[in-house]
Amino acid sequence: MKVLAIFAVFLAVVYGAPSADKDKVDPFISLVQEIEGSTFFPTLDLDDRLLTFEMLSAAETTNLKPLLDKLGYIVLLEYIDALPEDYQHRFVRYSVEHLQNEYPIVPGS
């Protein structure tokens, strides 16, 4: 878990670094960076703070569904419940967008 957390922090730093295309920031990365810089983030327990970065790295490597499957509904719902209301909807929306990239919905299936 510690290696994964360090890797997730590394990814957050790399993705947070300035690039030539400054105006195009992935919405999920933007959301996680905003959450990290918020006043409530430090009040989350360590597991939820680590989970934030674990989900970031999973979303960016198209591994969000396997991670969420591994975590299970209870952990995911408890995490979402720990977020302030204004972040909950955005978190769900961006997660769904990343999941749709991993598993596109095929019309008529």
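Read-outs throughout are calculated quantities, based only on the coordinates presented, and are distinct from any laboratory measurement. Remember, it's a predicted structure, so these values are computed and weren't measured experimentally. Cβ sites come from the backbone with ideal geometry, for glycine too, and all protein chains shown count toward neighbours.
Please give me, ordered by residue number, the chymotrypsin sites (Phe, Trp or Tyr not before Pro) of region 21-65 that lie in loop per DSSP and have at most 15 other Cβ atoms within 10 Å.
Numbers: sites: Phe28, Phe40, Phe53; in loops: Phe40.
For chymotrypsin sites (Phe, Trp or Tyr not before Pro) across region 21-65 that sit outside H, G, I, E and B with at most 15 neighbouring Cβ atoms in 10 Å, the list reads Phe40.
Between Thr43 and Glu85, what FRET efficiency follows from the Cβ-Cβ distance if R0 is 22 Å, with the result rounded to 0.05?
Here the calculated transfer efficiency is 0.90.
Can you run phi through the Karplus equation (6.51, -1.76, 1.60; θ = phi - 60°) for region 35-46 and list ³J(HN,Hα) in whole Hz, with x for Gly and Pro?
4, 4, x, 7, 6, 7, 4, x, 7, 5, 5, 4
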